[in-house]
């Protein structure tokens, strides 16, 4: 199992009485490409933060890659996240004043998954496979187009050879054409590297890329209670 | 990577960073400048006189005696008799004794009446003797030796004639105009009040002061002049022997043995015939510096406060930047940066600002010192050395860097806490 959640409960410290996440049981097995569909405010970001270890749960088990991340120390979680989880956001995926190569190197800096000697070669290969023209590699990423930035974000997510990629609405700031190109590229890469993909989006039109589609409201009972 | 990130992030926010750097550079400049000039002035002060063991004058405060005899500031309360000078000078303990007579001026510069031995014995700094840039010591009554700045500012050359005035007011002695002094020597620059002094013989001073109608000397001079119009110099030399001064302002002593300093001082102070004051220049200088010390400490304190406020300014700027960089911090956290990384990042940014400011402040200080060095030397007789890299200033620079790092702990901890708390929830 890549992700295994049991009796997960979470509420923010500011509002301890209102439970944001309440997942009795949910899991994701290796190689699965799953689309979680949920509207904003349904606890989407909270769930993702629990999975990447930035938030600690109140009760329940959080197993990611068969490791209990709810039992890890903060430092262990930071390293675990850097080593095993690739992340792609809707926007602000990259440090805007660094160039593409530096951004990817920075992600590698926290994990050391790839040895320094092969790193620059590794980065080159990735950028080439993501169709980033070589002249743009040394430009601050803020000067590049959003489409290019999102592709560099994929490279950043892939550099540490993660087992799991979490994508949080990565296409919602792209137009239809770029969005399709992005999805094709992402799916091709996760297939090639046999990476499990957890994709969160409110865009139902992306459904055809995924083998498994879930509604967040089905998984997270807290949202239902709250809505009712 | 951390260093690269810090540098690039600073570069990215250069508008606000540049202002912070300017503010800090100014404060570094002020702090280092005050510290440097403080030390240089102190040294300059202590270097004003050396090789003189005792200065003797009329009863006054030791500071006053030091100020008028060495620094040519203020005036003597009273003169002392020539007999007292001769009595002390004949003491076997005394190696040499040089009388000085003050009270006259030339265009605002003080005139010092003394004997030619003054030029051999008076020394400044680390036992530097007075050197002649041009000419030599005076030998005739109406010869004058100029301090370096006197000659430079008033544009006198050798053999120029000049007229002395009594006091620092306007010239009221008609004979002075008729009996001009001839420039026979110009001293090399010393960076001490000597540069601003005109040196004449005691006889020259006497000649000015005994010019009343009933004064026998004045007749002698006039008489000799009438006989030998063309050999004035020789005649004044003859006359000089008659011009033994009745009183002088002060005199300087060097002793054969330093061990006897206090005894000789006590003997002079206890003189029954005339109330005299003997001071040790080193002790009087340090007393003087203690008074100046209050001022310099205040200046130093103010410049420290300026620096601290600049450091706080940088911290405030960094603190504000953390708010703008929330997303950057979140991103760094998601790709695996521990909160300590964020703490160090902000510390490093503050340190880089401080380092750049220190480098700039030092460079500007060096530049302005080299530009104002001549000005300070000529107008204030302050010899400021260009070497600002003393262990002292290096310590000061290190202290400044540490201080700015300490002050930057405030935004750094803020960044640390923020990165720890912040997740993606408020995206």
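Average partner chain C-beta neighbours within 10 Å, per residue of B:10-20? Before the final figure, lay out each step's value.
Numbers: counts 1, 2, 6, 1, 0, 0, 0, 0, 0, 0, 0.
That works out to 1 on average.
At q = 0.10 Å⁻¹, work out log10 I(q)/I(0) for chain A with the Debye formula, treating every Cα as an identical point scatterer and leaving solvent out; two decimals please.
Log10 of I(q)/I(0), two decimals: -0.46.
How many times 2.2 N^0.38 Å is the alpha carbon radius of gyration of region A:119-183?
Working: Rg = 11.9 Å, N = 65, 2.2 N^0.38 = 10.7 Å.
Cα-based Rg divided by the globular estimate yields 1.11.
With N residues in region B:285-427, what two-decimal value do you get for its Cα radius of gyration over 2.2 N^0.38 Å?
On the way: Rg = 21.1 Å, N = 143, 2.2 N^0.38 = 14.5 Å.
Normalised by 2.2 N^0.38 Å, the Cα Rg of region B:285-427 equals 1.46.
If each residue of separation counts as 0.36 nm, what is the full-extension length gain between residue B:11 and residue B:305 once their alpha-carbon separation is subtracted? Walk me through the intermediate numbers first.
Working: separation 294, 0.36 × 294 = 105.84 nm, distance 2.79 nm.
So the extension gain works out to 103.1 nm.
Show that you can apply the helix-only estimate: for chain A, add -39,500 (n - 2.57) for every DSSP H stretch of four or more residues, divide by all residues, and state [θ] at 222 nm to the nearest 500.
Working: 8 runs with 84 residues, N = 228.
Result for chain A, helices only: -11000 deg cm²/dmol.
So what's the angle, to the nearest 10 degrees on a 0 to 90 scale, between helix B:2-12 and the longest Cα principal axis of chain B?
Compared with the principal axis, the helix lies near 80 degrees.
Provide the percentage of antiparallel DSSP beta bridges, counting only those with both residues in chain B; round to the nearest 5. Walk me through the intermediate numbers first.
Working: 33 of 42 bridges.
Antiparallel bridges: around 80 percent, rounded to the nearest 5.
How would you rank A:120, A:45, B:247, going from fewest to most other Cβ atoms within 10 Å of each one's own Cβ? Write down the numbers at each step before the final one.
Details: A:120 13, A:45 21, B:247 17.
Ascending Cβ contact count within 10 Å gives the list A:120, B:247, A:45.
Can you tell me the orientation of helix A:100-109 relative to chain A, as the angle in degrees between its alpha-carbon axis and the longest Cα principal axis, to the nearest 10?
50
Please state, to two decimals, what the Cα-based radius of gyration of chain B comes to when divided by 2.2 N^0.38 Å (N = residues). The partial results should precede the final answer.
Working: Rg = 31.6 Å, N = 427, 2.2 N^0.38 = 22.0 Å.
Cα-based Rg divided by the globular estimate yields 1.44.
In deg cm²/dmol and to the nearest 500, what is the mean residue ellipticity at 222 nm of chain B if only DSSP H runs of at least 4 residues count, each as -39500 (n - 2.57), divided by the residue total?
Working: 16 runs with 240 residues, N = 427.
Calculated mean residue ellipticity at 222 nm is -18500 deg cm²/dmol.
Looking only at other chains, what is the average number of their beta-carbon atoms within 10 angstrom of each beta-carbon in B:200-208?
Working: counts 0, 0, 0, 0, 0, 0, 0, 0, 0.
Mean shielding count: 0.
Between A:178, A:103, A:160, find the one with the highest GNM mean-square fluctuation for chain A; connect C-alpha pairs within less than 10 Å.
Per the Cα network of chain A with a 10 Å cutoff, A:178 tops the list.
Restricting the count to DSSP beta bridges whose residues both fall in chain A, what percent are antiparallel, rounded to a multiple of 5? All intermediate terms of the calculation are to be shown ahead of the outcome.
Values: 15 of 33 bridges.
Percent antiparallel among DSSP bridges in chain A is about 45.
Running a GNM on chain B with Cα contacts under 10 Å, which residue among B:256, B:47, B:387 ends up with the highest mean-square fluctuation?
Between B:256, B:47, B:387, it is B:387 that shows the largest mean-square fluctuation.
Count the DSSP beta bridges whose two residues both fall in the protein assembly as shown, then state the antiparallel fraction as a percent rounded to the nearest 5. Let's see the in-between values first.
Numbers: 48 of 75 bridges.
Looking only at bridges with both residues in the protein assembly as shown, the antiparallel portion is about 65 percent.
For the pair residue B:107 and residue B:294, what calculated FRET efficiency results from E = 1/(1 + (r/R0)^6), where r is the Cβ-Cβ distance and R0 = 41 Å, to the nearest 0.05?
Working: r = 34 Å, r/R0 = 0.82.
The computed FRET efficiency comes out at 0.75.
Rounding to the nearest 10 and keeping the result within 0 to 90°, find how far the Cα-based axis of helix B:409-421 lies from the longest principal axis of chain B.
Rounded to the nearest ten degrees, it is 0.
Starting from the Kirkwood radius over alpha-carbon pairs of the protein assembly as shown, derive D by Stokes-Einstein at 4 °C in a medium of 1.567 mPa s and give it in µm² s⁻¹.
On the way: Rh = 32.1 Å.
Stokes-Einstein gives a translational diffusion coefficient of 40 µm²/s.
None of the figures in this text is laboratory data; all of them are computed from the coordinates on show. All figures in this text were calculated on a predicted structure; none of them were measured in a lab. Every residue, glycine among them, receives a Cβ derived from its backbone with ideal geometry; neighbour counts consider all protein chains shown.
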